[in-house]
Amino acid sequence: MELIPTFLEGCFQVRPFLAQDERGSFVKTFQSQRFAEMGLPTDWREEYYSSSHKGVIRGMHFQTPPYDHEKLVYCMRGRVLDVVVDLRTASPTFGRHLAVELDAASGYGLMIPKGLAHGFLSLTEEALVAYKVTTVYAPTNDAGIRWDSFGLDWGVDLPIVSARDRAHPTFVEFVSPF
């Protein structure tokens, strides 16, 4: 398993062990010893997955302190454009975003530290994305910024976006607790 640092501090591309043969594929998405060696979390509190149709944008989500969390995401079916935005005001990359494609064929994932908003665009007819998080869901600390407010061209004209995600404040309006 490779953990490749990105330009956002604490954010890593995860390149897991992948074996393929005539039966299909086998992917090891997490290995506690390797994560611990890099100072990354190994104590996950909840795990989710979402299924999205082509053109769906989910995001940009995070939880505020004290329930903020690290997140490990990977795509189990299809392909997504996975996106994070740095909301950490003291960070030299505050306000910058990273967009990477994740797909089931490669098994690649993204390790997201506290203080980054996360979302994705489904690029295929169906995309299945899994998330591991280090804190339990806290509805009063559930937050987000608008998906279209931080300078990313998502490359889709009429995305499918939930009412909740359309109602988030813009990046400029948001007062970061991070």
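When the GluC sites (Glu not before Pro) in the range 80-178 are filtered for DSSP coil states and for at most 12 other beta-carbon atoms within 10 Å of their beta-carbon, the remaining sites are E125, E173. Counting charges near A99 (Lys, Arg +1; Asp, Glu -1) among other residues having Cβ under 15 Å from its Cβ returns a value of -3.
For the range 1-104, the list of chymotrypsin sites (Phe, Trp or Tyr not before Pro) that fall in a loop by DSSP and count at most 10 other C-beta atoms within 10 angstrom reads F7.
Per the Debye formula on identical point scatterers at the alpha carbon atoms of the chain, with no solvent, log10 I(q)/I(0) at q = 0.16, 0.19 Å⁻¹ is -0.97, -1.38. Fewest-first ordering of C11, C75 by other beta carbons within 10 Å of each residue's beta carbon gives C11, C75. For R164 and Q31, FRET efficiency with R0 = 45 Å and r from the beta-carbon atoms, rounded to 0.05? Computed FRET efficiency for Q31 and R164 comes out at 0.85. Annotation: lysines with alpha-carbon distance below 17 angstrom to K114 (same-chain offsets under eight excluded): K71, K132.
Computed from the coordinates by the stated procedures, all read-outs in this text should not be read as laboratory data. No experiment lies behind these values; they were computed from the predicted model shown. Heads up, the Cβs are rebuilt from the backbone with ideal geometry, glycines too, and the neighbour counts pull from every protein chain shown.
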